[in-house]
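All remarks here apply to the structure that follows.
The values are calculated or read from the model by the stated rules, or taken from the named source; none is laboratory data. Quick caveat, the model's predicted, so the values are computed rather than measured. Using ideal geometry, Cβ is built from the backbone for each residue, glycine included, and neighbour counts are taken over all protein chains shown. Just the protein is used for accessible areas: all its heavy atoms, side chains included, with ligands, DNA and RNA removed. Shrake-Rupley method; radii C 1.70, N 1.55, O 1.52, S 1.80 Å.
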Amino acid sequence: MARAITLVESGRADHRMQAAELLAALPQDRQALRIGLSGTPGVGKSTFIESFGMMLIKQGKRVAVLAIDPSSTRSGGSILGDKTRMDLLSREAGAFIRPSPSQTHLGGVARRTREAVRLCEAAGFDVVLIETVGVGQSETVVAEMSDLFLLLLAPAGGDELQGVKRGIMEMADIILVNKADGDLKAAANRTCGDYSGALRLLRKRAQDPEGFPCAMTVSALQENGLDAAWEKMQALTQWRRENDFWDRSRATQARYWFLEDVKQRLLAQLQVPETKAALNALSDEVAAGKADPSAAAQAFIDGLHS
Ligand SMILES: Nc1nc2c(ncn2[C@@H]2O[C@H](COP(=O)(O)OP(=O)(O)OP(=O)(O)O)[C@@H](O)[C@H]2O)c(=O)[nH]1
Ligand SMILES: [Mg+2]
């Protein structure tokens, strides 16, 4: 597994070709449940994955953990760098934990992680957890490769909704208010109530049965509410499978990634030295008023594919 993922993570042209062959040869008949998990730093993502992952392992499931870490480009990677916090899970034979790839742009990290998900699926993992700290577009990226999207929140101090962006709320299938233990329990219950209310105000989504999306409290540290959360996830998954939303969602995601890949490849073409030179030359003409921006763009595109 580790070697296969290293192969898909490599940017070398010969490795890319081997990776493409490997991905094309993967069996298509195995599907893991892909669970995306997002939440701000310190909300308890790692602790949740450790506890939740161990619960699944005890049920005989095989669990893979991957990460998209948009901050890794700056800090050299933090998510899952703290393997110590997944001490138990990382020692389980049925678990596979892979730190996030470091790369220069989110698009590259996204492609690698998506391919790693495929590898985990083909290797027979039952559940693939994809973690991200919600920065920039990373939740969207994770949601686009997940069957279920979980948003982890901390108990709020006041009665305000913690400035969670509406777009992220709209992506969530289940909101988990973590740290519902000790002194924080009452605040967690209140926060959970607030979010339940807020979710009811959102536009109904076709892919949800009655009662979803929903908010619930958990304590990753004390391992409370994890079984209830798992039951919700299974109920939602089963309904979506029976009502054709599972397959449709995966098909829509495949389309999305295809288009993303096309865009990435077009952008990559702009980095080729000759292309860059042509672009700069035209750019100078436009700046000097010798060419119209739109006409120059058309000339550039025509030159690109001739
Ligand atoms: N009381 C309480 N504390 C928790 C719970 N879950 C996590 N914590 C604590 O919150 C802190 C952050 O937990 P992490 O699991 O590292 O959080 P994270 O979201 O992975 O953080 P980053 O990796 O930095 O984004 C740690 O000190 C945990 O012990 C919980 O259920 N209850
Ligand atoms: Mg963490």
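For the reader, a short list of remarks on this structure follows.
- Set of lysines with alpha-carbon distance to residue 276 below 18 Å, sequence-local pairs under 8 removed: 263
- ³J(HN,Hα), Karplus 6.51/-1.76/1.60, whole Hz, each residue of the range 7-21, x for Gly, Pro: 5, 6, 7, 6, x, 5, 4, 5, 5, 4, 5, 5, 5, 4, 5
- Where a label projected 7 Å from the Cα of residue 23 along Cα→Cβ would reach, residues of the range 234-267 with amide N under 13 Å: 254-265
- Normalised contact order of the range 178-235, rounded percent, pairs of Cα under 8 Å and 6 or more residues apart: 39
- Alpha carbon convex hull of the range 198-301, projected area averaged over orientations, nm²: 12.5
- Inverse mean reciprocal Cα-Cα distance (Kirkwood Rh) of the chain, Å: 21.1
- Fraction of beta bridges assigned by DSSP in the chain that are antiparallel (%, nearest 5): 5
- Counting 0.36 nm for each residue step from residue 247 to residue 12 and taking away their Cα separation leaves a gain of 81.3 nm.
- Under 5 Å, built H, 5+ apart or other chain: amide partners of residue 34: 128, 147, 148
- Residue 96 long-range amide H proximity, modeled H, under 5 Å: 63, 64, 65
- Once you reduce the range 235-254 and the range 1-46 to the center of their Cα atoms, the two points are 21 Å from each other.
- Axis of helix 45-58 versus longest Cα principal axis of the chain: the two differ by about 60°, to the nearest ten degrees.
- Solvent-accessible ranking of 245, 258, largest area first, probe 1.4 Å: 258, 245
- Crossing angle, helix 245-269 versus the chain [Cα axis fit, 0-90 degrees, rounded to tens]: 30
- Note on the chain: with a GNM built from Cα contacts shorter than 10 Å, the maximum mean-square fluctuation among 126, 284, 208 falls on 284.
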